[in-house]
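Colleague: My questions will all concern the structure given below.
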Amino acid sequence: MNITAVGAGLLSARWAVQIVGSLTVAIMLLGHRLPHRDDSLMRGVIGICVLGAACVAPVACGLVRGLDVGQSFVVFCVLMGAYVALLMFVYDTGPWQALFCATAGYTLQNLASGLEVTATLLISHRASGSLEEPLATIVAVAVFSAVYAIGYLVLIRQIDRNGLTVVEDRSMLAMFLIVAFVIIGFDLLIKSLVWESIKFTTLVLIRFVHAMICAFVLFAEYEILYARRMSEEKAETERLLAERDRQYRLSRENIEAINIKCHDIRHQIRHLADKGEVVDKDVLADIAHEVNVYDSVVQTGNEALDTILTEKSLACSNEGIVLSCIADGSALDFMTPSDIYSLFGNALDNAIEATRKVGDPERRSITLNVERRGAMVAVSIENYCAETPRFKDGLPLTTKRDRMNHGFGTKSMECIVRRNGGSLHMGARGGVFYLNALLAAQ
């Protein structure tokens, strides 16, 4: 069965340009979040020109004279596949990420197209009505602009560039089929019903149903992406916690070995000095001072906290940073050693990294306090920072360019605090970064 409306549209070069143009804008709104190649702009111009010519030329030259429902369905599905290939050509991405952008972009365009038809129906008050120019163009531009703007703000802007790299899921094939049969197929079916004497109110209702389906599919695609992202972050956080546990055991063993060696050396120095042999006492004093630096074990009453503070004290000493600690380690006995090591290790690593950039020697300092407050334990860490960090969802954004593989330390800290029945707050004020955590002393 030929669809007069579809056939006439496909035979119209102007309409073909409109379809390709609106699809390209919708898909590229998502595609630009993908990792770029060095020559992505040039590739994009070439790819879009080739695809546009391939779609418009057969219509403009009269090679395509009419399409039925099945042929129209195949053409639109092939076009969606072509956009997948175009995205892979333009951007440094794989098939699953390109498939996500193509299906989501296709759905967004179909949503805008359907709402444009609905607006036309409501204005003309006829099931097969059309609008005169320039009103038709004004309605089309207004509807597409509004839908694309809302889609960008609600969906696309929430997807960071590295967020799409986690879409390595064959469920995107199922999404392709859903978009093909539910979105494209349903839209073609509605267009065929226009010529079956369907009631105006029924057609408007069906159009609203189509719009709701498009919105639901977009929401489902975003949820797939979000769930995958959360799964990746959880796995990465768990990996970091396991790595911190391993580092804690190694650090404890290394510090104990160093302490034993330093203890022996100090006794040997004292023995030489007591014997009165010809040894420069100033040299012995310097050696003893250096040994004391490495033998200065922090003692808070908690072995895990002692380990991490001793380790970070040595690191601060090498960086010319003063680490001041007032800590009741026994208040943290309810926490596992790996949690303590990970929480304070991540916090102090971030503090050292920020303080390292401070030029003023008087401001190269870090203060740490741990104290019991009734049934809670309060942890606070403060340090000067050269640049005020930016925050998102209450956590500071990593300053490293590769955000995909960084920024998990603060999320790991938040996870540990919540697991121990507490809350974590970070902020910056007057050039000072602060971290405050309250933990439930179970």
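The values are calculated or read from the model by the stated rules, or taken from the named source; none is laboratory data. Given the structure is predicted, the values throughout are model-derived calculations rather than measurements. Here Cβ is always computed from backbone atoms with ideal geometry, including for glycine, and neighbour counts include all displayed protein chains. What goes into the accessible areas is simple: the full protein's heavy atoms, side chains included, and nothing from ligands, DNA or RNA. Shrake-Rupley method; radii C 1.70, N 1.55, O 1.52, S 1.80 Å.
Colleague: For region 121-145, give me the residue count where each residue is surrounded by 19 or more Cβ atoms within 10 Å (Cβ to Cβ) and either of a type in the set (Gly, Ala, Ser) or without any contact (Cβ under 8 Å) to a residue 40 or more places away in the chain (or both).
Modeller: 2
Colleague: Something else: When you scan region 281-331, how many residues do you find that are at pLDDT 60 or above and assigned to a loop (DSSP other than H, G, I, E, B)?
Modeller: Within region 281-331, residues that are at pLDDT 60 or above and assigned to a loop (DSSP other than H, G, I, E, B) number 8.
Colleague: Follow-up question, since we're still on this one. Among the residues that make up region 341-352, is at least one of them among the charged types (D, E, K, R), open to solvent by 40 Å² or more (accessible area, probe 1.4 Å) and at pLDDT 90 or above? Outline the logic, then answer.
Modeller: Of the residues in region 341-352, the ones among the charged types (D, E, K, R) are 349.
Checking the rest, the ones that are also open to solvent by 40 Å² or more (accessible area, probe 1.4 Å) come to 349.
Going one step further and asking which of them are at pLDDT 90 or above, we end up with none.
There is no residue in region 341-352 that is among the charged types (D, E, K, R), open to solvent by 40 Å² or more (accessible area, probe 1.4 Å) and at pLDDT 90 or above.
Colleague: May I pose another question? What are the residues in region 95-115 that are open to solvent by 20 Å² or more (accessible area, probe 1.4 Å) and of a type outside the set (A, V, I, L, M), if any?
Modeller: Just the residues of region 95-115 that are open to solvent by 20 Å² or more (accessible area, probe 1.4 Å), to begin with: 95-96, 111, 113, 115.
Answer for region 95-115, where residues must be open to solvent by 20 Å² or more (accessible area, probe 1.4 Å) and of a type outside the set (A, V, I, L, M): Pro95, Trp96, Ser113.
Colleague: Check whether at least one residue in region 61-78 is more than 20 Å from the chain's Cα centre (by Cα), part of a loop (DSSP other than H, G, I, E, B), at pLDDT 80 or above and of a type in the set (D, E, K, R), and report yes or no.
Modeller: Filtering region 61-78 down to residues more than 20 Å from the chain's Cα centre (by Cα) leaves 61-78.
Going one step further and asking which of them are part of a loop (DSSP other than H, G, I, E, B), we end up with 61-67.
Those still in the list that are at pLDDT 80 or above too: none.
Checked region 61-78: no residue is more than 20 Å from the chain's Cα centre (by Cα), part of a loop (DSSP other than H, G, I, E, B), at pLDDT 80 or above and of a type in the set (D, E, K, R).
Colleague: Provide a single number: the residues in region 148-162 that are crowded, with 18+ Cβ neighbours inside 10 Å and either modelled with pLDDT of 85 or more or part of a helix (DSSP H, G or I) (or both).
Modeller: The qualifying residues number 3.
Colleague: List the pairs whose first member sits in region 358-373 and is closer than 17 Å to Asn302 by Cβ and acidic (Asp, Glu), whose second member is open to solvent by less than 70 Å² (accessible area, probe 1.4 Å) and in a helix (DSSP H, G or I), and whose Cβ atoms are under 9 Å apart, counting only residues at least 6 apart or on separate chains?
Modeller: Hits for this filter: Glu371/Ala331.
Colleague: Checking Ile19 against (1) open to solvent by 40 Å² or more (accessible area, probe 1.4 Å); (2) of a type in the set (A, V, I, L, M, F, W, C); (3) modelled with pLDDT of 75 or more, which single condition isn't satisfied?
Modeller: (1) is the only condition that Ile19 fails.
Colleague: Identify the residue in region 177-224 that is hydroxyl-bearing (Ser, Thr, Tyr) and in a helix (DSSP H, G or I) and, among all such residues, is surrounded by the most Cβ atoms within 10 Å (Cβ to Cβ).
Modeller: Once the filter is applied, the top-ranked residue is Ser192.
Colleague: If I filter region 398-421 down to residues being at pLDDT 75 or above and open to solvent by 20 Å² or more (accessible area, probe 1.4 Å), which single residue comes out as nearest to Arg373 (Cα to Cα)? Before you say what the answer is, go through the steps one by one.
Modeller: Within region 398-421, the subset at pLDDT 75 or above is 410-421.
Of the ones still in play, those that are also open to solvent by 20 Å² or more (accessible area, probe 1.4 Å) are 411, 414-415, 418-419, 421.
Details: Lys411: 25, Glu414: 20, Cys415: 22, Arg418: 18, Arg419: 19, Gly421: 15 Å.
Among those residues, the one meeting the criterion is Gly421.
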